[in-house]
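K.L.:
Structure below; questions to follow.
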Amino acid sequence: MAIGLHNSDFKNPVIRWVDQRMPIFTMMQKEYGTFPTPRNFNYFWNFGALAMVNLMIMIATGIFLAMHYTPHTSYAFDSVERIMRDVNFGWLIRYVHMNGASMFFIVVFIHIWRGMYYGSYKAPRELLWMLGVVIFLLMMATAFMGYVLPWGQMSFWGATVITNLFSAFPVVGEWIVQLLWGGFSVDNPTLNRFFSLHYLLPFVIVGVVFLHVVALHITGSNNPLGVEPKGPQDTLPFHPYYTAKDSFGLVIYFIVFAGLVFFAPNYLGHPDNYIPANPLVTPAHIVPEWYFLPFYAILRAVPDKLGGVLMMFGSIAILFVLPWLDSSPVRSMRFRPIARIAFLLWTICFFVLMYCGGMPAEEPYVTISRFATAYYFAYFLVILPLLGRLERPLPLPESIARAVLGGGGPMPAGAVAKPMDKA
Amino acid sequence: MAETAGATASDGTPRRDFLTLVTTAFVGVGVGAVAWPFIASMQPARDVLALASTDVDLAPVAEGQAITVMWRGKPIFVRNRTAKEIEEARAVPMSQLKDPQADQTRVQKDNWLVMIGICTHLGCVPLGQKATDTKGPYDGWFCPCHGSAYDTSGRIRQGPAPRNLEIPPYAFTSDTKIRIG
Ligand code: HEM
Ligand code: FES
């Protein structure tokens with residue numbers, strides 16, 4: 001082998017030639033082929049792969065929509081209607097994009113929930129978790145700006161309310177809002193820049209996802225038991241075990257996705273967005289897309305403008321410090337009897353907030369939202385820090401193999417040195 | 001000899017630190033200078049700023065009626081208030097107001113109330129201009145988005161909005177005409 005070439009294991013001469021000069025095949029083999037993965041994943045571990053596929057679908061459909069879409073206040077609504085009626089398969093591409101956004105949030109909510117339940121945010125995966133929160137924020141920004149593009153009534157008034165959130169900040173608020181608008185109200189300059197950014201941000205997401213995966217492949221995956229693999233007997237190579245499991249999950253995901261697209265394409269949307277935007281008339285009841293409702297409910301639960309805005313942003317920002325708020329060394333809630341109940345209650349609160357966010361700002365919804373908001377924050381700021389000290393966790397299994405193979409697995413201490421002859 | 005031989009200035013600060021600081025400062029200023037035009041390009045362009053004034057003829061607006069006109073892409077509420085509405089607005093003690101402003105300071109002629117029709121909470125257009133609209137508990141305007149209620153002077157009385165409906169710059173060009181902006 002010539003000096004300076006990578007030492008490649010591939011036999012195919014073409015692959016080998018490339019791999020020696022740029023070892024991407026070796027890298028793929030290492031990261032997605034033989035990559036040692038805990039052997040006890042359940043189906044919650046499918047959602048990262050699903051999110052990745054979903055992102056690709058959004059980018060693919062979005063690029064084709066952009067070929068027919070016109071980002072101008074006078075034409076945007078009509079260009080989307082033209083996509084629906086005249087462009088070949090335009091209806092399909094748009095419905096996939098529209099419902100793809102909903103699927104993306106369903107997938108990512110479950111993915112985040114998984115991380116919270118099994119303690120995946122704890123050391124050494126804090127940075128991995130924080131990159132995930134960054135992705136979530138970028139997704140929210142992208143989806144919000146995408147929803148403005150069809151320039152219906154909900155697009156316009158959603159954009160107005162959300163951009164005005166920034167006016168709550170003292171001193172710089174007005175400046176930021178004008179920067180977002182490029183004028184004195186949501187108007188053509190706003191639509192133009194939102195289209196530009198809506199095209200850009202998904203690619204930024206791709207970049208952060210890459211970092212997310214890099215971080216993941218340093219620490220390795222967490223697993224339902226929350227104990228680290230202690231040796232080869234606790235892991236399986238990613239391929240074929242998890243490529244197969246992920247493929248199965250993917251098929252189920254596509255069935256749900258297709259169900260939405262073909263049988264209920266507008267179920268998750270709001271009919272008012274099929275009315276062209278009118279800057280003089282606010283719809284009687286404006287609501288954001290369903291995935292923003294919990295946060296919207298928190299905004300409305302607070303009677304003060306700045307306070308509401310801070311709580312709303314805070315409800316997501318708090319996830320960044322979750323690894324340090326939860327001081328318990330035990331990851332999986334399976335072994336935390338009290339935290340488990342507290343977290344399931346938090347989950348219920350999340351859905352209650354989602355429900356209240358879609359209701360008018362009246363009683364009893366306002367009071368209910370206030371209680372749910374209080375618990376949402378108390379879980380992070382009071383319950384988790386206290387439980388880390390007070391709760392007595394159940395005994396942890398000695399190793400993954402011990403737990404899942406019913407005690408039949410080799411003892412970790414003895415097995416570490418022996419290479420596993422599996423696969 | 002200290003200047004030539006040592007990496008340390010006479011006061012003991014390593015020269016390399018100084019160079020690093022100066023370089024960082026220059027990079028900082030440079031990045032700022034390059035970023036500025038990009039950020040400024042997002043602020044309202046000159047043609048947007050130029051759409052500055054709108055003339056409104058008040059003659060057709062009878063007592064108790066209201067019209068909505070556009071100025072800088074925003075709705076402007078113009079209301080010909082009844083004596084009762086003026087009376088209501090002026091009877092309120094300042095202590096009951098979240099954003100205390102006397103009605104007299106909000107109008108140029110007692111009956112003509114001219115305001116930007118945008119809720120100071122998050123920018124929805126409050127209801128109350130049309131005869132059929134709800135006017136809310138304070139008989140003025142009511143914002144359907146998060147329930148802010150304004151009185152007959154457009155002052156915030158209830159709900160999350162922090163300020164009174166804003167008064168745009170305007171002037172009477174004749175007895176029955178105004179120019180906004
Ligand atoms: C993170 C990935 C993305 C998300 C979450 C997302 C989300 C959305 C949403 C919610 C809408 C509104 C759909 C509707 O109600 O009609 C939309 C519209 C749109 N998006 Fe995306 N999008 C993503 C990526 C992209 C990409 C990469 C492009 C490429 C240019 C794109 C182009 C468009 C266009 C042209 C529209 C307007 C047409 C329409 O409303 O159907 N999107 N997007
Ligand atoms: S925008 Fe009017 S109450 Fe929120």
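The values are calculated or read from the model by the stated rules, or taken from the named source; none is laboratory data. Bear in mind that the values here come from a model prediction, so they are computed numbers and not experimental data. Reconstructed Cβ throughout: ideal geometry from the backbone, glycine too, with neighbour counts over all protein chains shown. When the accessible area is computed, the model is the full protein with side chains, heavy atoms only, and any ligands, DNA or RNA have been set aside. Shrake-Rupley method; radii C 1.70, N 1.55, O 1.52, S 1.80 Å.
K.L.:
Run down the aspartates and glutamates and flag those whose C-alpha is under 15 Å from the C-alpha of B:Lys74, throwing out any fewer than 8 positions away in its chain.
P.N.:
A:Asp187, B:Asp55, B:Glu166
K.L.:
Can you list the HN-Hα couplings for region B:115-128, worked out from phi with the Karplus curve (6.51, -1.76, 1.60; θ = phi - 60°), rounded to whole Hz and with x for Gly and Pro?
P.N.:
9, 6, x, 10, 4, 6, 6, 10, x, 6, 9, x, 7, x
K.L.:
Sticking with this structure for a sec: Could you name the lysines in cross-link range of B:Lys84, using Cα to Cα under 21 Å and dropping any fewer than eight places away on the same chain?
P.N.:
Straight-distance partners of B:Lys84: B:Lys109, B:Lys130, B:Lys135.
K.L.:
In addition: Note down the nm distance, to one decimal, between modelled labels 7 Å out along Cα→Cβ at A:Asn88 and at A:Phe203.
P.N.:
2.7
K.L.:
Once both axes come from the Cα atoms, what is the angle between helix B:15-42 and the longest principal axis of chain B, in degrees from 0 to 90, rounded to 10?
P.N.:
30
K.L.:
Which value in deg cm²/dmol, rounded to the nearest 500, describes the helix-derived mean residue ellipticity at 222 nm for the protein assembly as shown, given -39,500 (n - 2.57) per DSSP H run of n ≥ 4 and division by the residue count?
P.N.:
-16000 deg cm²/dmol
K.L.:
Now for a separate question. Taking Cα atoms of region A:323-362, Rg/Rh with Kirkwood Rh, to two decimals?
P.N.:
Value, to two decimals: 1.18.
K.L.:
Would you be so kind as to identify which of B:Ala102, B:Gln158, B:Met42 lies farthest towards the positive end of the dipole of region B:13-172, taking Lys and Arg as +1 and Asp and Glu as -1 on Cβ and the Cα centre as origin?
P.N.:
Positive-end residue among those listed: B:Met42.
K.L.:
Considering protein heavy atoms only and a 1.4 Å probe radius, which residues within region B:15-64 exhibit an accessible-area decrease of no less than 20 Å² in the full assembly relative to the chain by itself?
P.N.:
Checking the loss per residue gives B:Ile39, B:Met42, B:Gln43, B:Pro44, B:Val48.
K.L.:
Using 7 Å Cα-to-Cβ label points, what is the A:Phe210/B:Thr24 separation (nm, one decimal)?
P.N.:
2.8
K.L.:
Can you give the Rg/Rh ratio of region A:1-150, where Rg is from the C-alpha atoms and Rh is the Kirkwood radius?
P.N.:
1.12
K.L.:
Now a separate question. Evaluate E = 1/(1 + (r/R0)^6) for B:Ala131 and A:Tyr355, where r is the Cβ-Cβ distance and R0 equals 41 Å; express this FRET efficiency to the nearest 0.05.
P.N.:
Step by step, r from the Cβ atoms, then E = 0.70.
K.L.:
Considering the convex hull of the alpha carbon atoms of region B:109-164, report its projected area averaged over all viewing directions, in nm², one decimal.
P.N.:
Mean orientational projected area (region B:109-164, Cα hull): 3.6 nm².
K.L.:
Could you give the length gained by full extension between A:Glu363 and A:Leu127, i.e. 0.36 nm per residue of separation minus their alpha carbon distance, to one decimal place?
P.N.:
Residue separation times 0.36 nm, minus the Cα-Cα distance, leaves 80.9 nm.
K.L.:
Could you pull out every residue, at least 5 positions away or on a different chain, whose amide H is within less than 5 Å of the one on B:Leu127? Hs are placed 1.01 Å off N in the peptide plane, and Pro or chain starts have none.
P.N.:
Amide H neighbours of B:Leu127, under 5 Å, 5+ apart: B:Phe142, B:Cys143.
K.L.:
While we're on this one: What list of ³J(HN,Hα) values in whole Hz, one per residue of region B:158-165 in order, does the Karplus curve 6.51 cos²θ - 1.76 cosθ + 1.60 (θ = phi - 60°) give from phi, with Gly and Pro shown as x?
P.N.:
Calculated HN-Hα couplings, in order: 7, x, x, 5, x, 10, 5, 4 Hz.
K.L.:
So what does the Cα-only Debye profile of region A:1-67 read at q = 0.19, 0.20, 0.21, 0.27 Å⁻¹, as log10 I(q)/I(0), no solvent term?
P.N.:
-0.84, -0.86, -0.87, -1.08
K.L.:
Next question, about the same structure. Hey, can you list the residues from region A:272-300 whose accessible area shrinks by 10 Å² or more with all protein chains present, relative to the chain by itself (probe 1.4 Å, no ligands or nucleic acids)?
P.N.:
Listed by number, the residues meeting the 10 Å² cut-off are A:Pro279, A:Leu280, A:Thr282, A:Ala284, A:Ile286, A:Tyr296, A:Leu299, A:Arg300.
K.L.:
Taking only protein heavy atoms into account and a 1.4 Å probe, give the accessible area per residue of chain A in Å².
P.N.:
Counting only protein heavy atoms, the per-residue value for chain A is 47 Å².
K.L.:
Which whole-number value in Å³ per residue fits the convex hull of the alpha carbons of region A:141-187?
P.N.:
65
K.L.:
Now for a different question. To the nearest 20 debye, what charge dipole does region B:19-113 have about its Cα centre, counting +1 at the Cβ of each Lys and Arg and -1 at the Cβ of each Asp and Glu?
P.N.:
220
K.L.:
Related question: Work out which helices of chain A, taken as complete DSSP H runs, extend at least 18 Å along their axis over the Cα atoms and score a mean Kyte-Doolittle of 1.0 or more, then list them.
P.N.:
A:47-66, A:126-148, A:188-219, A:238-263, A:305-325, A:337-357
K.L.:
Chain pair A, B: how much accessible area is buried, both chains summed, with a 1.4 Å probe, in Å² to 100?
P.N.:
What A and B bury together is about 2300 Å².
K.L.:
What FRET efficiency comes out for the pair A:Met52/B:Val31, r = Cβ-Cβ distance, R0 = 41 Å, nearest 0.05?
P.N.:
Result of the calculation: an efficiency of 0.80.
K.L.:
Under 1.5 on a/c is rounded, so check that first for region A:115-176, then, if it is not, pick prolate when a/b is larger than b/c and oblate when it is not; a ≥ b ≥ c are the square roots of the alpha carbon gyration tensor eigenvalues.
P.N.:
It is oblate, given that a/c is not under 1.5 and a/b is not larger than b/c.
K.L.:
Enumerate the amide H contacts of B:Tyr170 below 5 Å, restricted to partners 5 or more residues apart or on another chain; note that Pro and chain-start residues carry no placed amide H.
P.N.:
Sorted by chain and number, the residues that satisfy this are B:Gly181.
K.L.:
What is the ratio of the Cα radius of gyration of region A:153-248 to 2.2 N^0.38 Å, with N the residue count, to two decimals?
P.N.:
This ratio for region A:153-248 stands at 1.80.
K.L.:
Could you please state how large a percent of the accessible area of chain A is carbon and sulfur, counting protein chains only and using a 1.4 Å probe?
P.N.:
Using a 1.4 Å probe with all protein chains present, chain A comes out at 72 percent carbon and sulfur.
K.L.:
For B:Trp112, what residues show an amide H to amide H distance below 5 Å, using hydrogens built from the backbone and excluding near sequence neighbours?
P.N.:
Placed amide hydrogens put B:Arg81 under 5 Å from B:Trp112.
K.L.:
Taking a quarter of the surface of the Cα convex hull of region A:55-143, what do you get in nm²?
P.N.:
6.5
K.L.:
On to the next question. Return the equivalent ellipsoid semi-axes of chain A as a descending list in whole Å, where each equals the square root of 5 times an eigenvalue of the C-alpha gyration tensor.
P.N.:
Equivalent-ellipsoid dimensions as semi-axes: 41, 30, 19 Å.
K.L.:
With springs connecting C-alpha atoms under 10 Å apart, model chain A as a Gaussian network and identify which of A:Phe166, A:Phe254, A:Phe144 has the largest mean-square fluctuation.
P.N.:
Judging by the Gaussian network model, the answer is A:Phe254.
K.L.:
What FRET efficiency, computed as 1/(1 + (r/R0)^6) with R0 = 60 Å and r the Cβ-Cβ distance, is obtained for B:Arg46 and A:Ile348, rounded to the nearest 0.05?
P.N.:
0.65
K.L.:
Something else: In region A:203-224, which residues have a backbone nitrogen under 12 Å from the label point lying 7 Å from A:Ser247's Cα in the Cα-to-Cβ direction?
P.N.:
none
K.L.:
Rounded to whole Å and sorted largest first, list the principal axis extents of the Cα atoms in chain B.
P.N.:
Extents along the principal axes, in whole Å: 91, 39, 28.
K.L.:
Sticking with this structure for a sec: Considering the dipole of chain A built from charges on the beta carbon (Lys and Arg +1, Asp and Glu -1) around the Cα centre, which of A:Met312, A:Ala51, A:Trp181 is farthest to its positive end?
P.N.:
A:Ala51
K.L.:
Moving on. Considering protein heavy atoms only and a 1.4 Å probe radius, which residues within region B:71-103 exhibit an accessible-area decrease of no less than 30 Å² in the full assembly relative to the chain by itself?
P.N.:
Residues of region B:71-103 that lose at least 30 Å² of accessible area once the other chains are added: B:Arg72, B:Gly73, B:Lys74.
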